[in-house]
Amino acid sequence: MLWYKAWLETRARFLTSLATLTIFCGVFVHHAVYVACSNTFPCAEGWIRPGRQAEFYRLLVVTQEFVVLMWVMAVVLLGMGGIVREKALGTASLTLSLPVSRTRLMRVRVGLGVLEAIALAVLPWATVFGVSWVARMPVLITQVGLYVLLLIGGGLVYFATAVLVSSVVAGEYTAPALAFGVVLLTAIMFDAWLRRFNVWRLVTGDYSIDRNTYLLSEHLPWLGIVASLSTAGLILLASVVVVQRRDF
Amino acid sequence: MTNEPVILTHCLTKSYGTAKAVRALNLSVEGNRITAFLGRNGAGKSTTIKMLLGMIRPTSGSATMLGKQIIDAEGNRELRKHVAYVAEDKPLYGYMTVEQTIRFASSFYPDWRSDVEKKLLRDYELPLHRKVKALSKGMRTKLALLLAFARRPDLLILDEPSEGLDPVGIEYLLQVLVAQAAEGVSVFFSSHQIAEVERVADHVCILEKGCLLVDASLDQLRQSYRRIDLVFASVPPERDFHISGVERIQTHGREMSVFASRNAEAIIARARDLEAVSVEVAPVGLRDIFLETVKEN
C-alpha cells in the first residue's frame, strides 16, 4: 500500500510530464521526417534523398536535447515530496506512526520515482520510433535504445539530487526552486571548468555522437554512466541518512 | 497485559538549542487504564508523545513503551504495530477517499477489526467515497479515531481527541474510550477539556514547561486536594501557614484562602490554633487543581 500511496502522490506530476514529453516527441519527429523528406512526404518506401539521413538524425540529436531538458525538469518534480514535505503539510505524524521504517518509506518513494523516470525516458522515445515507423522512415532501434540508456544511466543523478534537496528543504516552492538551481549551476560550472565530466553533455549524447552521421556511437561512455549512477546512489544514500536523523 | 508500565521514561529530555521542551521527565503509565496527560499549550505533551513514537530523537534520557526501547529504530517500528496514535491536528491524506484511507491503514495491521470499522463507519456516518480533503473537521476527527480504534492496539495514544467534535461526538468518543479500556486497551490521552478528563480518566499527569508536576490517580487527587477558606478576627500572618502541603495562600484582609495538595487536617488545626472565626473546607475539582498547579509554576 505504500507504493499505492506514492503513486497517488506523484501520478498527476508523472502523467502530465509523460503526456508533455510524448506529444513533444511525436510532433518533433513528425517534423523531422517532413524536413528529411522535403517535398516527398511521406517518404516512399523508406526512400530518403541523399544527405537527408544525416539531417534526420541531426534532428533526433536536437530532439534528445529538448527531451533531456524536459525529462530533467520532470524527474526533479518527481523527486519532490516525501516525508519532509509531509511534515509541512501536517501528515508526517500519520505516516511515521505506521509500523514502517523511514528507510522503507524512502525505498518505496525512490523505487517508484526511478520506475516513473524510466517510463518517462522509454515511452517518449518509443513514440519517436513509432511515429518514424508509421512515416516509413524508421529510426534505428539501437539508436533509440542508446538515447534511452544515456537518459536513464546518466540522468538519474538529477532525480537523486531532487530527492536529497526535498529531504532537506520542505517548502512547496523553495525545494523545486533549489533543486532546479543546483541542476543549472552544476551544468554551468562543469561546462566552464570540468567539461569532460559534465553529466548534461553525457545525457544529451554530446560525448558519443558522430558529427558526420549524427548517429550515436555504440561505444558508449560507460565509465561516465557508471560514475553518474554511482553518484546518484551515494546521493540517495545521503538522503536516507538525512531523513533517518531528522526530527518530525 | 502484564503489570509492567506501558510507558516508562527515565530523565527523558528534549532540547532545541538552549530551550528545553521536555526536562528530565520520569513518567510511568500503567496498563489497563485511562491516563490523562494535561498541560498548557507548549508544555511538552506533544513532544513527549512524538519522542515515544520515534518521530523526535530525545536529547538525553531513555524510555520504553510496551517494554521496548523507543530509541531503537527497529524496536520502535515493532512497537508501533501495537500502538494507535491520533495526532492533535488529525493528519490524513487529503488526496485519498475515506475508503482508500481505511484500506491503506488496515493493510499495516493484521489484527484489523473489520467489525469495529463497520460499526464506526455506520455510527459516524462517514461517506466512503468522499475525498478526505472535502470532509469537515469533525468528520476528519471521526475518521482518524476510526483508524485508531479499529487496529486493535494495546496502547492508544490520543492527542486532543475531542477537538473538532460536536457534543454528541464527544459523548460517543468518551463512551468508546471507556469501552476500549474495558477491553484491556491502555489509553493515554492529552486534552484541554478537563470536564471530559474528569469523566473518564483513572490517572492524571500534569506537565508544565517540560516538567511533570502531578502524577496521581484521579481518586487520590480528589481525596487529597482541598480549598480551605478561613476568616480571622484580625489580619492573619501568612507565614504561619507555610507548612507541608500548602500550595497557595491568598489573603484579603481578614480572609484567607489556602489551596492544599495534602495535609488539610494540619492546616485546619493550625487555623484553629490561630483562633480562626470561620473554617470552611471544600473539595477541589480537577480544573482547579490544574489551574492552581500551572499558575504556581
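Computed from the coordinates by the stated procedures, all read-outs in this text should not be read as laboratory data. Quick caveat, the model's predicted, so the values are computed rather than measured. Quick reminder, even Gly has a Cβ in these numbers, built from the backbone with ideal geometry, and neighbours come from all protein chains shown.
Couple of notes before you dig in:
- Given charges at beta-carbon only (K, R positive; D, E negative), |dipole| of chain B in Debye: 1140
- For chain A, the relative contact order comes to 27 percent (Cα pairs under 8 Å, sequence separation of at least 6).
- Helical runs assigned H by DSSP (4 residues or longer) give chain B a calculated mean residue ellipticity at 222 nm of -9500 deg cm²/dmol, each run adding -39500 (n - 2.57) before division by the residue total.
- DSSP-defined antiparallel bridges as percent of all bridges, chain B, nearest 5: 70
- Averaging the Cα positions of each part gives two centres, and for the stretch A:191-248 and the stretch B:114-172 these lie 49 Å apart.
- Counts of other chain beta carbons within 10 angstrom of each beta carbon in peptide A:97-105 average 6.
- Whether the stretch B:7-219 is rounded, prolate or oblate, judged on the alpha carbon gyration tensor where a/c under 1.5 counts as rounded: prolate
- Here the stretch B:107-223 carries DSSP beta bridges of which approximately 55% are antiparallel, counting only pairs with both residues inside.
- Ordered by the count of other Cβ atoms within 10 Å of each Cβ, fewest first, B:202, B:159 give B:202, B:159.
- Among the listed pairs A:87/B:131; B:45/B:133; B:45/B:90; B:50/B:142; B:68/B:133; A:87/B:137, those with a Cα-Cα distance over 25 Å are B:45/B:133; B:68/B:133.
- Charge dipole of the protein assembly as shown (Cα centre as origin; +1 on each Lys and Arg Cβ, -1 on each Asp and Glu Cβ, all else neutral): 1520 debye, rounded to the nearest 20.
- Rounded to 10°, Cα long-axis angle of helix B:167-182 versus longest principal axis of chain B: 90
- Cβ-based exposure ranking for A:183, A:108, B:22, in which fewest neighbours within 10 Å come first: A:108, A:183, B:22
- Averaged over peptide B:77-88, the number of partner chain Cβ atoms lying within 10 Å of each residue's Cβ comes to 3.
- A Förster radius of 22 Å combined with the Cβ-Cβ distance from residue A:134 to residue A:19 puts the calculated FRET efficiency at roughly 0.70.
- 0 to 90° range, to nearest 10: angle between helix B:114-124 axis and chain B longest Cα axis: 70
- Nearest-ten-degree value, helix B:264-273 long axis tilted from longest Cα axis of chain B: 20
- Unit charges on C-beta of K, R, D, E only; dipole of the stretch A:143-248, Debye: 180
- Averaged over peptide A:87-94, the number of partner chain Cβ atoms lying within 10 Å of each residue's Cβ comes to 6.
- For the stretch A:161-177 and the stretch A:15-33, distance of Cα centres in Å: 28
- In terms of its alpha-carbon gyration tensor, the stretch B:204-274 comes out prolate; a/c meets the 1.5 threshold, and the first ratio a/b outweighs b/c.
- Note on the protein assembly as shown: dipole from Cβ charges, positive end direction compared against B:59, A:108, A:141; the farthest Cα belongs to A:141.
- Listed peptides B:272-278, A:150-156 by packing density, highest first (mean Cβ within 10 Å): A:150-156, B:272-278
- Fewest neighbouring Cβ atoms within 10 Å first, the residues B:112, A:3 line up as A:3, B:112.
- Looking at the protein assembly as shown alone, DSSP beta bridges between its own residues are antiparallel in about 70 percent of cases.
- Residue A:226-residue B:133 FRET efficiency (beta carbon distance; Förster radius 60 Å; 0.05 resolution): 0.85
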